[in-house]
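The values are calculated or read from the model by the stated rules, or taken from the named source; none is laboratory data. Fair warning: this is a prediction, and the values are worked out from it, not measured in the lab. Because the Cβ atoms are built from the backbone with ideal geometry, glycine has one as well, and the counts that use them run over all protein chains shown. Accessible surface areas use protein heavy atoms only, side chains included; no ligands, DNA or RNA. Shrake-Rupley method; radii C 1.70, N 1.55, O 1.52, S 1.80 Å.
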Amino acid sequence: MRIFLIGFMGSGKTTIGLPLAKQLGYQFIDQDELIEKHYSTSVGEVFAKFGEQKFRETEHNVLTEAVHSDNLVISTGGGAPCFFNNMDFMNQNGITVYLKAEPETLMNRLKNQTDSRPLLKGKNESELLQFITGKLADRESFYFQAKLVLPTDILQVEEIINKLVLSIQA
Ligand code: S3P
């Protein structure tokens, strides 16, 4: 089985993905890390040097390569479901899980990480909230194509993992 965790930056894909993979005895893959390995540099540098279009192409390529393995938990980049046919591709190749969080929750989780995230660079708190609200509204038509939707605002990591494991096994 392959589990694709999708959702906005700060939705907890890696925070949930790592312990989830451990509990299931699966391999954990972080899509951004695959891109960083491919270019031997950070996501920020890839955006700066090659541009978003090239980043999205590589994001798509590493996704199609990753599914050559099974028993995986894949933490996808926040934009990945919204480009090419990535959302359909993930739905055809595993269980997609949308980790949903409200804009305010995401803003609070992301406000100290704006420098390391190319799309958030230089934004103050109100600009960040405005950006997240708009982008999330654009992206949810893709995110809601996920097989499972799990709200993460008020749940602890352990509760989310337990709910996920129960839903996957149902
Ligand atoms: C992006 C999210 C990031 C990373 C890149 C673009 C996006 O991944 O892929 O900065 O478009 O939302 P995370 O969601 O893992 O932070």
Does F4 count as open to solvent by less than 20 Å² (accessible area, probe 1.4 Å), over 18 Å from Q156 (Cβ atoms), more than 10 Å from the ligand (Cβ to nearest atom) and not aliphatic (A, V, I, L, M)? yes
Members of the stretch 115-130 that are free of Cβ contacts under 8 Å to residues at least 24 places away in the same chain and surrounded by 18 or more Cβ atoms within 10 Å (Cβ to Cβ): K123, L128
Let me spell it out: the conditions are (1) at pLDDT 95 or above; (2) of a type in the set (S, T, N, Q); (3) closer than 20 Å to E52 by Cα, and Q113 meets all of them except one. Which number is the exception? (1)
What is the one condition in (1) of a type in the set (A, V, I, L, M, F, W, C); (2) open to solvent by 70 Å² or more (accessible area, probe 1.4 Å); (3) in contact with a helix residue (DSSP H, G or I) (Cβ under 7 Å, 6 or more places away or on another chain) that L106 does not satisfy? (2)
Has the stretch 144-152 got any residue that is on the phi > 0 side of the Ramachandran plot and either more than 14 Å from the chain's Cα centre (by Cα) or of a type in the set (K, R) (or both)? no
How many of the residues making up the stretch 131-146 are acidic (D, E) and open to solvent by 80 Å² or more (accessible area, probe 1.4 Å)? 1
